[in-house]
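Student: So that we are looking at the same thing, I have put the structure below in structure tokens.
The values are calculated or read from the model by the stated rules, or taken from the named source; none is laboratory data. Here the structure is a predicted model, which means the values were calculated and not measured. Neighbour counts run over all protein chains shown; Cβ positions are idealised from the backbone, glycine included.
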Amino acid sequence: MPSDRVKLIRRFLALSDDYDILGLEIQSLPGELVLHVRFPDFDMNEMRAIQFKQQETGFINVEELMKVRHAGYNRPRAVPPKPQPKDVTTLRKRERQRAFSGVRPYD
């Protein structure tokens, strides 16, 4: 049986599968775990919307290109896809939540 410390470390390592984060640092000290998470200072959903627009229409305007560049990506296609959890239980739970909230699956 894994200890609580091991379970927590595994969960922390899985954070990047569920959320948009730039970096994750875990430090294990006697009696404590230190977690440092770096979040982007830009909206990843907006970056993905620009990427989708470029894929659909074939072009974006200069303002959108500057937003992508400011976020640290050279081109819209360099924006990473939305993280998807690998845990089947989490995926099923999200699908049930969408079904009961009335949100269509592709929104």
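Student: At least 2 residues that are among the hydrophobic types (A, V, I, L, M, F, W, C) in each: list the helices (runs of 4 or more DSSP H) lying fully within the stretch 1-71 that qualify.
Tutor: Details: elements: 4-13, 15-18, 44-57, 62-70.
Because the criterion is at least 2 residues that are among the hydrophobic types (A, V, I, L, M, F, W, C), the helices (runs of 4 or more DSSP H) in the stretch 1-71 that meet it are 4-13, 44-57, 62-70.
Student: Out of everything in the stretch 1-31 that is in contact with a Lys or Arg (Cβ under 6 Å, 6 or more places away or on another chain) and surrounded by 11 or more Cβ atoms within 10 Å (Cβ to Cβ), what residue ends up being modelled with the lowest pLDDT? I'd like the intermediate steps shown before the answer.
Tutor: In the first step, residues of the stretch 1-31 are kept if they are in contact with a Lys or Arg (Cβ under 6 Å, 6 or more places away or on another chain); the result is 17, 22-23.
Then drop every residue that is not surrounded by 11 or more Cβ atoms within 10 Å (Cβ to Cβ), which leaves 17, 22.
Values: 17: 77, 22: 81.
It comes out as 17.
Student: Residue 52 passes all but one of (1) touching a residue at least 12 places away in the same chain (Cβ under 8 Å); (2) under 20 Å from residue 84 (Cβ atoms); which number fails?
Tutor: Only one criterion is unmet by residue 52, namely (1).
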